[in-house]
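Everything below concerns the one structure shown next.
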Amino acid sequence: MRKHSMQNILVLIIFSIFAVLSLVLVAVGIKFYTNVSNKVDNNSQMRNTISYLENKIRSNDYEGGIDVVKIEGKDVLILSSAGGESFKTAIYVDDGHLKEYLSQNDDIKLGYGDTIADVNNMEISREGSSLNIVLDINDTKYVIQKSMISGAL
């Protein structure tokens, strides 16, 4: 009788150790998956934001199509529509969000517009026909350097 109860206790101890180690393994797997998932999301956001800006710049690379201004102390990329239309698109960062605001003429209002991505800060500078954009996304700096074919700047 005593022998059977010792065997039962030993089986229960082994099963308990197995259960605890299984839970630890699951917890480590969850943490690993969360870290990988966050990195994938951050990289995807960074690639999409850079691709968005590069495509906007490329599609407006004509004489008078691109301008860089400071409004309320913020760097703003102004993209003018082609042809006789007088629409302007302002791309800027406000409260941690990259925004796009479409307006008629020169009526640019910060704080309005569609949120494109989460961006901490954006600095824009131009030198001749070169456009330099420094993005701060999740405390990592990314640089976009574009040379305007048309010399639009």
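The values are calculated or read from the model by the stated rules, or taken from the named source; none is laboratory data. Fair warning: this is a prediction, and the values are worked out from it, not measured in the lab. Every residue, glycine as well, gets a Cβ built from its backbone with ideal geometry; the counts of neighbours run over all protein chains shown.
Let's see how each residue does on (1) touching a Phe, Trp or Tyr at 6+ places or on another chain (Cβ under 8 Å); (2) of a type in the set (D, E); (3) under 30 Å from I108 (Cα atoms):
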| position | (1), (2), (3) |
| --- | --- |
| V26 | no, no, no |
| K39 | no, no, no |
| R47 | no, no, yes |
| L53 | no, no, yes |
| D75 | yes, yes, yes |
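I91: part of a strand (DSSP E or B), surrounded by 10 or more Cβ atoms within 10 Å (Cβ to Cβ) and either of a type outside the set (S, T, Y) or at pLDDT below 90 (or both), yes or no? So I91 passes the test.
What tally of residues in segment 101-150 results from selecting those that are in a loop (DSSP other than H, G, I, E, B) and farther than 19 Å from I66 by Cα? Outline the logic, then answer.
At the first step, the residues of segment 101-150 found to be in a loop (DSSP other than H, G, I, E, B) are 105-113, 119-120, 128-129, 138-139, 148-150.
Filter again for farther than 19 Å from I66 by Cα, leaving 111-112, 119-120, 138-139.
So the answer is 6.
Applying the condition of being among the small types (G, A, S) and either surrounded by 18 or more Cβ atoms within 10 Å (Cβ to Cβ) or closer than 20 Å to I124 by Cβ (or both) to segment 68-87 and asking which residue is modelled with the lowest pLDDT yields S81. Scanning segment 99-137 for residues being farther than 22 Å from S147 by Cβ and not basic (K, R) gives a total of 23.
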